[in-house]
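What follows is a single structure, written as structure tokens, with notes after it.
The values are calculated or read from the model by the stated rules, or taken from the named source; none is laboratory data. What you see is a predicted model; the values in this text were computed from it and never measured. All Cβ positions, glycine included, derive from the backbone under ideal geometry; neighbour counts span all protein chains shown.
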Amino acid sequence: MDSVAVTRPTLLCVSNFPANTGYAWDFIEHLFAQLADHLAPRGIRTLVAYPSLPSSPRTLQGSAAEPIQLDASLASADSIRATAQLVRREAVRVIYFTDRPARSHAYALLRRAGVRRIVVHDHTSGDRTRPRGLRGVVKRLMNLFPGVTADVIVAVSDYVARRAEAVSLVPRGRIVRVWHGLPVRRSTGLSADVKRELGITASALLVVCTARATPEKGIAHLLRAFDIVARNAMVPEQGPLLLYVGAGPQLTELQVLRDRLAARDAMVFAGYRSDVPAIIACADLCVVPSVWEEAFGLTVLEAMACGKAVVATHVGGIPELIEHDVTGLLVPPADEGALAIAIEALLQDGARRARLGAAAQRRVRLHFRPENQLMQLAALIEAGFDGPDTLFRDGQLMNPPRSPYPVGNG
């Protein structure tokens, strides 16, 4: 490696999974690539550290981001030592972690090695228990120790921001809410081809769910709810079809459940696919039946960006995307009866589906633009190369928006 490359200031992005893991990590790694391209004209180099590199990362291809193999989990002394060595060797000034703790003694060690700014992007789902007693006191005291708390916690929703403040006890001035962004997608004209490939008739009303096969995603509830819908169909043989796209540890259990249901022939399991936008383009209705507190609801946003009506559960950050009966329908989690009623109501009313889908797409265009997300993240990261964060003054956002947290979207 030549001396010019070594002396360039560097951003280190840390992936928690091997390259090409897929699912939400494709989206996150795409952000790494966009940041690299944004920073490169300023002479800032971007490295993306993977715990393993079984193949070249497809999400980084064609970008200025450089993949490297490095255990930057900070979970062991060896990992901390190797990361600190990289910081010194490659002039790393900013580290961009995903779903890591707000505080770590390792952060102080990395700062001694030369890091000026630590950004933690929090996409984690699920609720947390508020710290009480000694545990709460210790967390508050750690805020007083220099260098152990990340400079910025980027929360993907107001829900996650509130959790960081109330549960992780991160000072509000260090929390920034940045919604995910997606481009509005127009029909690609591939819907008929995709349906034909999957053996789905062109005229079938198609309900689509894309999610990893884990209990938290609520797919079992959807299967039972859809069984009710299909059995209630006026003409069963011409009734709706459910297309589930996904794989994961619960897949076999879900297949067994499907095979026990009366409407099993109306439920198609497509497995993991990389062409999710094309699948969503085929849908008449999309369903997101999560039963736990989703940090954001990226699958909801994907359907909205395609102009599809969505039925989703009222959990976590999803209500920040969907306004009930305006840009979609919200139902209580694990309520199979309510889920069936919502699905059936929209399948029977094409005009209502179209109205909700069009309103959803307008909301994406107005509030969830990818360029908004990129510019806000870039500003937070560039502050580590330029000096004080120009978004803040004395811990407060200049010209604060309606949200109680600094925001870049909406």
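One residue stands out among those in the range 224-279 that are touching a Lys or Arg at 6+ places or on another chain (Cβ under 8 Å) and among the small types (Gly, Ala, Ser): the one that is surrounded by the fewest Cβ atoms within 10 Å (Cβ to Cβ), which is 262.
If only one of 350, 317 is of a type outside the set (A, V, I, L, M, F, W, C) and under 18 Å from the mean Cα position of the chain (by Cα), which one is it? Explain how you work it out, then say what you get.
Details: 350 fails: under 18 Å from the mean Cα position of the chain (by Cα).
Of 350, 317, the one residue that is of a type outside the set (A, V, I, L, M, F, W, C) and under 18 Å from the mean Cα position of the chain (by Cα) is 317.
For residue 362, the conditions (1) surrounded by 22 or more Cβ atoms within 10 Å (Cβ to Cβ); (2) closer than 21 Å to residue 280 by Cα are fulfilled apart from (1). Looking across 37, 26, 71, one residue alone is among the charged types (D, E, K, R) and free of Cβ contacts under 8 Å to residues at least 24 places away in the same chain. It is 71.
Pick from the range 196-223 the residues that are under 18 Å from residue 274 (Cβ atoms) and over 22 Å from the mean Cα position of the chain (by Cα): which of them is surrounded by the most Cβ atoms within 10 Å (Cβ to Cβ)? Checked the range 196-223; the qualifying residue surrounded by the most Cβ atoms within 10 Å (Cβ to Cβ) is 198.
For the range 297-322, what are the residues that are in a loop (DSSP other than H, G, I, E, B) and either out of contact with any helix residue (DSSP H, G or I) (no Cβ under 8 Å at 6 or more places or on another chain) or crowded, with 23+ Cβ neighbours inside 10 Å (or both)? Answer for the range 297-322, where residues must be in a loop (DSSP other than H, G, I, E, B) and either out of contact with any helix residue (DSSP H, G or I) (no Cβ under 8 Å at 6 or more places or on another chain) or crowded, with 23+ Cβ neighbours inside 10 Å (or both): 297, 306, 308, 309, 314, 315, 316, 317, 321, 322.
Look at the range 350-361: where a residue is touching a residue at least 12 places away in the same chain (Cβ under 8 Å) and assigned by TED's automatic domain parsing to the domain that holds residue 302 and a partner is among the aliphatic types (A, V, I, L, M) and assigned to a helix (DSSP H, G or I), sitting 6+ places away or on another chain with Cβ atoms under 7 Å, you get 352/346; 353/346; 360/304; 361/304; 361/305.
Only one of the numbered conditions (1) touching a Pro at 6+ places or on another chain (Cβ under 7 Å); (2) within 18 Å of residue 11 (Cβ to Cβ) is not met by residue 114, and that is (1).
When only residues in the range 44-56 that are surrounded by 15 or more Cβ atoms within 10 Å (Cβ to Cβ) and without any contact (Cβ under 8 Å) to a residue 40 or more places away in the chain count, which is farthest from residue 116 (Cα to Cα)? Break it down into steps so the answer makes sense when it comes.
The first filter runs over the range 44-56 and keeps only residues surrounded by 15 or more Cβ atoms within 10 Å (Cβ to Cβ), leaving 44-51, 53.
Still in the list and also without any contact (Cβ under 8 Å) to a residue 40 or more places away in the chain: 46, 48-51, 53.
Working: 46: 15, 48: 18, 49: 18, 50: 22, 51: 23, 53: 27 Å.
Checking each candidate, the answer is 53.
Take residue 81 and tell me if it is under 23 Å from residue 148 (Cβ atoms) and without any contact (Cβ under 8 Å) to a residue 40 or more places away in the chain. Judged against the criteria, residue 81 is a match. For the range 377-405, the set of residues classified as more than 16 Å from the chain's Cα centre (by Cα), modelled with pLDDT of 50 or more and within 24 Å of residue 14 (Cα to Cα) consists of 378, 379, 380, 381, 382, 383, 384, 385, 386, listed by residue number.
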